[in-house]
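Since the structure comes first, as structure tokens, the remarks are kept for the end.
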Amino acid sequence: MRFIGSKERLVSSIGRILRSRFGEGSLVGDLFCGTAMVSAFLKQMGYRVIANDNLFFCTVMARAMLLISEEPEFSGLGNLTNAQTKLVFSVYDDVLDYLNKLPPIKGFIYNNYSREGTKGQQNERNYFTGENAGRIDAIRSQIEEWYKVNAITYDEKCLLLTDLLDATVSVSNTAGTYGFFLKHLEPRALKGITLKRSRIVPGRTDHLIFNRDANELAQEITVDVAYLDPPYNWRQYAAYYHVLETIAKYDSPQVSGKSGLRPWGEQRSRYSYRKDACNALAEIINTINARAILLSYNADGLVTHEEIMDILSSVGEPEVETVVLPRYISSFGGSDNHTVKERLYYVSFEN
């Protein structure tokens, strides 16, 4: 999953800092969990996790990774037999194989995000080939139908949706996000979409997942340590990942504009505005009921290092670790600086 600000390359540093201070079973609040890479790593380390994000598709992925620790049984599908193929579902691979063989249908994704489906309209969109868009619709519709008749549990639904989201990303005709599509189809977009099994993350399953505004949730929970990874630049995640949000919800929203944006105003983040980001960060740090805070923030972020230190110093004595990582350079170029600095701030309220 290509995701802005992903902390996949920081998990070992995050884990080391937490392990030196908190033992297994401690409760960690991952309040901006994104695609749940950090939450899944914490689960493997033996921590209990409260994972939260204001994007629904992120909480779907978090649920699949945190609440499933063993091979899913899909027992509700065991008695369903497809009239044409006589396929009896029994294991995860059977389910994926069936979904991968579904013929495409002209559903919401096809009609709004493929060139074939939008041909002749004011806004022709080229996020997917017509074939892949139609297959996304077919797979998504089948998952929903199974869930509505109680043939799969909600956790199993989230696992299959995670597989679909991952597969969707691999054939999307974009530069990495869904702010806009590419004019010409890239080679990856021409490949047929194929669902693959998710890695089942071992560990405890007594975790909680929320789809809330982080600053509001922070007022209602108590954790041992709050891990904060707020947006650090002007990009609004709800707008940049709107297609994935629509696939996860499959709610047929009224889309608009050249990129086919769904309504996303209620998911607008204060952290993506220079005038609001500092106040939002100070608010959550002063609100959360925790023994400690671990904050990750990009050195190029809207809130300066000095401002962060001032905020954290008001509640404790912050420690800072800087990690230098290779910068992602897209095929369209970008910064001449090929490295990026991520800072990890730790402050205890118990000093």
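The values are calculated or read from the model by the stated rules, or taken from the named source; none is laboratory data. Note that the structure is a prediction, hence the values are computed from the model and not measured. No Cβ is skipped: glycine too gets one built from the backbone with ideal geometry, and neighbour counts run over all protein chains shown.
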Task: Single unsatisfied condition, K275 versus (1) outside the structural domain of K148 (by TED's automatic domain parsing); (2) more than 27 Å from V49 (Cα to Cα); (3) in contact with a Phe, Trp or Tyr (Cβ under 9 Å, 6 or more places away or on another chain) - done: (3)
Open item on the list: Here's a check for you: in the stretch 192-224, which residue that is part of a loop (DSSP other than H, G, I, E, B) and free of Cβ contacts under 8 Å to residues at least 40 places away in the same chain is nearest to L67 (Cα to Cα)?
Closed with: R199
TODO: Collect the residues in the stretch 215-250 that are surrounded by fewer than 19 Cβ atoms within 10 Å (Cβ to Cβ) and among the β-branched types (V, I, T), keeping them in residue-number order.
DONE: I221, T222
Open item on the list: Quick check on my filter: what residues within the stretch 329-347 are in a strand (DSSP E or B), under 30 Å from K183 (Cβ atoms) and at pLDDT 55 or above?
Closed with: V340
TODO: State all residues of the stretch 119-138 that are in contact (Cβ under 8 Å) with a residue 24 or more places away in the chain and over 24 Å from the mean Cα position of the chain (by Cα); if no residue qualifies, say none.
DONE: N123, G130, E131
TODO: Mind listing just one residue for me: the one in the stretch 100-145 that is β-branched (V, I, T) and surrounded by 24 or more Cβ atoms within 10 Å (Cβ to Cβ) and, of those, farthest from G176 (Cα to Cα)?
DONE: I139
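Could you please find all residues in the stretch 256-284 being in a helix (DSSP H, G or I) and on the phi > 0 side of the Ramachandran plot?
Matches in the stretch 256-284: none.
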Task: Members of the stretch 128-157 that are closer than 16 Å to D251 by Cβ and in contact with a strand residue (DSSP E or B) (Cβ under 9 Å, 6 or more places away or on another chain) - done: I136
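So that you can scan it fast, the table gives a plain yes or no per residue for (1) buried (at least 21 other Cβ atoms within 10 Å of the Cβ); (2) modelled with pLDDT of 95 or more; (3) in contact with a Cys (Cβ under 7 Å, 6 or more places away or on another chain):
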{"residue": "P263", "(1), (2), (3)": "no, yes, no"}
{"residue": "C278", "(1), (2), (3)": "no, yes, no"}
{"residue": "N289", "(1), (2), (3)": "no, yes, no"}
{"residue": "L295", "(1), (2), (3)": "yes, yes, no"}
{"residue": "A299", "(1), (2), (3)": "no, no, no"}
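In the stretch 225-250, what residues are under 25 Å from Y154 (Cβ atoms) and assigned to a loop (DSSP other than H, G, I, E, B)?
Within the stretch 225-250, Y241, Y250 meet the criteria.
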Task: Restricting the stretch 58-78 to residues that are surrounded by fewer than 23 Cβ atoms within 10 Å (Cβ to Cβ) and among the hydrophobic types (A, V, I, L, M, F, W, C), the residue that is modelled with the lowest pLDDT - done: L77
Task: Index of the failed condition, P253 passing every other in (1) buried (at least 18 other Cβ atoms within 10 Å of the Cβ); (2) assigned to a loop (DSSP other than H, G, I, E, B) - done: (1)
